[in-house]
Amino acid sequence: DAGVIQSPRHEVTEMGQEVTLRCKPISGHDYLFWYRQTMMRGLELLIYFNNNVPIDDSGMPEDRFSAKMPNASFSTLKIQPSEPRDSAVYFCASSLADRANSPLHFGNGTRLTVT
Amino acid sequence: DQQVKQNSPSLSVQEGRISILNCDYTNSMFDYFLWYKKYPAEGPTFLISISSIKDKNEDGRFTVFLNKSAKHLSLHIVPSQPGDSAVYFCAARYSGSSGGSYIPTFGRGTSLIVHP
């Protein structure tokens, strides 16, 4: 049973470059979430989708950040242009239904370093 | 404005003893609480949860206690084992009329180290 798959695991890039993070949710899950983990802010929600439709992107820090979900099995988070303060671990998660007792299933994250 | 607070960034415990991780919340609308466990280089994994209609939920060595009046919950691990060393995130959700009301709000996490 494959879990949530994220790629790449590590990304090192220079300031100003475009970065694309990828996520494949668990098959059949209808919610997909993008989180960012930093020491200062912990786990913060950036955006989430329901049935491939973005529902709430209020957590996206700036217009430099964008996310898409073209189909039920794939999502991307893009940062253009990247800045050093974007350095963090980015997690994708999926869940089966919008119920209180439905836990999120997280991928192993992408560690982004912007120099 | 943090709605879910884990005020202890780290905790160190001897193997075999009890580990108590604490979490406070400010939003009285929260009615479901979850704990996630995270090992280095891995994503968080669900550990245990509790509904606001209960004050205790137990699963093996893990017990979560909820004190609604104090807006406080705690995770007890008894006995603690070296393999429990990880970061523990507290999360809270609430029911609502609009879609997306079950999106969890996470605390910043507590790093637990269990010494052999």
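The values are calculated or read from the model by the stated rules, or taken from the named source; none is laboratory data. In this text the structure is predicted, and so the values were computed from the model without any measurement. Please note: Cβ atoms are built from the backbone with ideal geometry, for glycine as well, and neighbour counts cover all protein chains shown. The protein model used for the area step is the full one, side chains on, heavy atoms only, and it has no ligands, DNA or RNA in it. Shrake-Rupley method; radii C 1.70, N 1.55, O 1.52, S 1.80 Å.
Of all residues being of a type in the set (D, E, K, R) and surrounded by fewer than 17 Cβ atoms within 10 Å (Cβ to Cβ) in region B:6-25, which is nearest to B:Ala86 (Cα to Cα)? Just the residue, please.
Top of the filtered list is B:Glu15.
What are the residues in region B:30-41 that are surrounded by 14 or more Cβ atoms within 10 Å (Cβ to Cβ) and not hydroxyl-bearing (Ser, Thr, Tyr), if any?
Residues satisfying the conditions are B:Phe30, B:Asp31, B:Phe33, B:Leu34, B:Trp35, B:Lys37, B:Lys38.
How do the pairs read when you match residues in region B:53-76 that are in a loop (DSSP other than H, G, I, E, B) with residues anywhere that are of a type in the set (Phe, Trp, Tyr), using Cβ under 6 Å and keeping only pairs 6 or more apart or on different chains?
Sorted first by the residue in region B:53-76, then by its partner, the pairs are B:Lys71/B:Tyr25.
Among all residue pairs at least 6 apart or on different chains, which show Cβ distances below 9 Å where the first residue, located in region B:20-46, is more than 10 Å from chain A (Cβ to nearest Cβ) and of a type in the set (Val, Ile, Thr) and the second is open to solvent by less than 30 Å² (accessible area, probe 1.4 Å) and outside any loop (DSSP other than H, G, I, E, B)?
Listed by first residue and then by second, the contacts come to B:Ile20/B:Val13; B:Ile20/B:Ser74; B:Ile20/B:Leu75; B:Ile20/B:Ile77; B:Thr26/B:Val4.
Restricting to region A:88-112, count the residues that are surrounded by fewer than 15 Cβ atoms within 10 Å (Cβ to Cβ) and either under 18 Å from A:Pro25 (Cα atoms) or within 15 Å of the chain's Cα centre (by Cα) (or both).
3
Which members of region A:32-45 meet the condition of being open to solvent by less than 20 Å² (accessible area, probe 1.4 Å) and within 11 Å of chain B (Cβ to nearest Cβ)?
A:Phe33, A:Tyr35, A:Gly42, A:Leu43
Quickly run through region A:75-87 and pick out the residues that are open to solvent by 10 Å² or more (accessible area, probe 1.4 Å) and over 11 Å from the mean Cα position of the chain (by Cα).
A:Gln80, A:Pro81, A:Glu83, A:Pro84, A:Arg85, A:Ser87
Could you list all residues from region A:49-74 that are surrounded by 15 or more Cβ atoms within 10 Å (Cβ to Cβ) and within 14 Å of chain B (Cβ to nearest Cβ)?
A:Phe49, A:Asn50, A:Pro54, A:Ile55, A:Asp56, A:Asp57, A:Gly59
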